[in-house]
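Working notes for the structure below.
Every number in this text was worked out from the coordinates using simple rules, so none of it is lab data. Predicted model, so just to flag it, every value in this text is computed and none were measured. Here the Cβ positions follow ideal geometry from the backbone for every residue, glycine too, while neighbour counts run over all protein chains shown.
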Amino acid sequence: MRHRKTPFILGFLVVPVALYIALVIWPYLQTFGYSLTDWSGASSEMNFIGLDNYTALFKDSAFLGALRHNLLLLVVLPLATILLALFFAFMLNVGGRSGTGGVQGVRGSAFYKVVFFFPQVLSVAILSVLFQGVYRTDKGGLLNGVLIALGIVDENHPWDFASNPTFGLWCVMGVIVWSGVGFYLVLFSAAMQSIPKDIYEAALLDGAQRGTTFFKITLPLLWESIQTAWVYLAIAAMDAFALVSTMTPGAYYGGGPDHHSEIMATLLMRNFITYGKAGYACAMGVVIFFITLVLSVVSLRVTRREKIEF
Amino acid sequence: MSTNTDATTGIPAQRSGGNDEPRKPGKQQRFADGGGVLNVFSHGFLALWAVLIIVPLIWIVLGSFKNNTEIGDSAWSWPSHWGFDAFTRAWDKGIGDFFVSTVIVLAGSLTLTMLLGSMAAYVLARYEFRGNRVIYYFFVAGAMFPVYLALVPLFFMMKNLGTVIPWLGLNQYAGLILVYTAYSLPFTVFFLHSFFRSLPSAVHEAAMIDGCSHTRAFFQVMVPMAKSGLISVFIFNVLGQWNQYLLPLTLMQQQSSSDPDRSMLAQGLMNLAQQSGYASDFPGLFAGMTIAMLPVLVVYLSFQRQVQAGLTSATLK
């Protein structure tokens, strides 16, 4: 080209790259450094203590519990969300069979898609406050109200849902699945619609039933979208901070009762903001980073299949 | 859309109970029979899930018309008096301000994200130069990292920045705008990079031969051509930044009692819910949520097709 390229390239790149390095890369790198110190955050004073923060982390029962809870989220969330979303997407797109012999979704699938997707656009704060109302531990709570009306729960002893040591975390997971299914449903729907109709019609003519159609045609052709969904959900499972910190009991950033629904993110924030242990919190950040990294790589490798062109 | 199959085959849809109705003999009939029971089952499931989503939302809206005793007494009480005082109370307690703060920040951060992101992505996608791949992977790598990794140093960086440049520090709109932009760049660059690559180069070459400058070619030729990709990634960023909770929670705390409360909507709503003062005013809280939900609902319902298409194409890249 006759025009000079170099000033143009530089001019376009300098601001985004500078901003990105200053606010993203540099803090990331600093975290690794701080994680090796006993820095409190309040003063500029810090001593190099090597890997002490990390050895302390793996003796800290609260942290190990949080790690276990994160791993539970990591298994349950993707599995539940993807299975539900796949089921709904299949029903909406190819599940219905009206008399004309074509392959199509059940009635009202457009309506269902709009409704199911809606929680995705609600801010996480709205989700949290909404479900604090739904899970209210007296008879004014929506779920308790339903259960009392059905006669399952005694009016004078309503359930404690998110404050329950055993089920608290499961209640939060319920919210995440509730809000996430719609998105993955739409994702899988888009993928299903790109599968040519004649494949389904051929299967129909060969007498394939709905179940066979799903397992032999839909699932293999959707594999790539499922893989993407898995990675996204795994990253979401490592987060979950906003909901856990506000829905479960506990003075600073939830996680209670007595660490029973603690996750790494809530522990990190409490150590950083409340206890003033910035170095220790940084070490947790590094651990979260490595788990995320390993997860993404592993899930991309393990689930790799031959790509099917169609 | 699969639901239009009937129209294309030219046979009037017989959907009402059509699944149990044998329309043609032979194989057709067998499919339909097999689907009958399953269809009731799957319809039941779909309807149940729809109810699970709609009921809590309606329940919240109804709650903003009840009074405290009605809310506490039973989940099934019906508002005895339809008035909007709860909405005024919620507005007075700051929902309006949170809204304005959020809109200010999002307006700034989305403009910057789209502008800087598309510029960087365009140059990286269409121009050969040394270091191109390095910078590209540098951006992409950032999309993999959890924000927790940066949180602690970022907080102190903004704090220190505030002592040098007051309008960029903690609890400042401009500071948060820059942070949002920086953290949205990796995905934006990644997505738009592949999009700009897929555009044909002939139009661009023609413009250059006509004497167009590189900058002008970008803004007047390439950006209009990339419109659909830009819209997808824009919607993705709107939702992502609208949903941010951790960053404003860390960076937008009042620094002193004289510092104005510039909470984002998510953060402000959560604070209101947790303040003991608000606990005695559930109708106000419910009204606040209704106010926060309505604009999103309206925008979503008017653009739902674009939102769904945009989000899914952005994710599958």
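What the table below lists for this structure:
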item	result
Dipole in debye (nearest 20) - the protein assembly as shown, about Cα centre, beta carbon charges: Lys, Arg +1; Asp, Glu -1	1960
Number of partner chain Cβ atoms within 10 Å, mean per residue of B:135-146	4
Inter-chain shielding of B:109-115 (mean C-beta neighbours from other protein chains, 10 Å cut-off)	1
Length-normalised contact order of chain A in % [C-alpha pairs under 8 Å, at least 6 apart]	26
Global form of the protein assembly as shown, assessed from the alpha-carbon gyration tensor, a/c cut-off 1.5	oblate
Label-to-label distance, nm, for residues given as residue A:258 and residue A:166 (7 Å Cα→Cβ offset)	1.5
Longest DSSP-loop-exposure-free segment, trypsin sites (Lys or Arg not before Pro), chain A, at most 11 other Cβ within 10 Å	A:60-303
Kyte-Doolittle at least 0.5, axis length at least 30 Å by Cα - qualifying DSSP helices, chain A	A:61-90, A:168-193, A:278-302
Backbone N within the stretch A:164-178 under 16 Å of label point (7 Å from residue A:79 Cα along the Cβ vector)	A:170-171, A:173-174, A:177
Cut-off under 5 Å, modelled amide H: who pairs with residue A:37 long-range	A:49
Förster radius 35 Å - calculated FRET efficiency between residue B:228 and residue A:205, Cβ distance, rounded to 0.05	0.45
Net length gained if the chain between residue B:174 and residue B:303 were fully extended (0.36 nm per residue, minus Cα distance)	43.5 nm
Mean residue ellipticity (222 nm) of the protein assembly as shown, computed from DSSP H runs ≥ 4 via -39,500 (n - 2.57), nearest 500	-21000 deg cm²/dmol
Additional length obtainable on full extension of the chain from residue A:194 to residue A:68, 0.36 nm per residue less Cα span	41.5 nm
The stretch B:144-170 and the stretch B:51-79: distance between their alpha carbon centers, rounded to Å	41
FRET efficiency estimate (nearest 0.05) - Cβ-Cβ, residue B:257 to residue B:219, R0 41 angstrom	0.35
Förster radius 25 Å - calculated FRET efficiency between residue B:52 and residue B:141, Cβ distance, rounded to 0.05	0.05
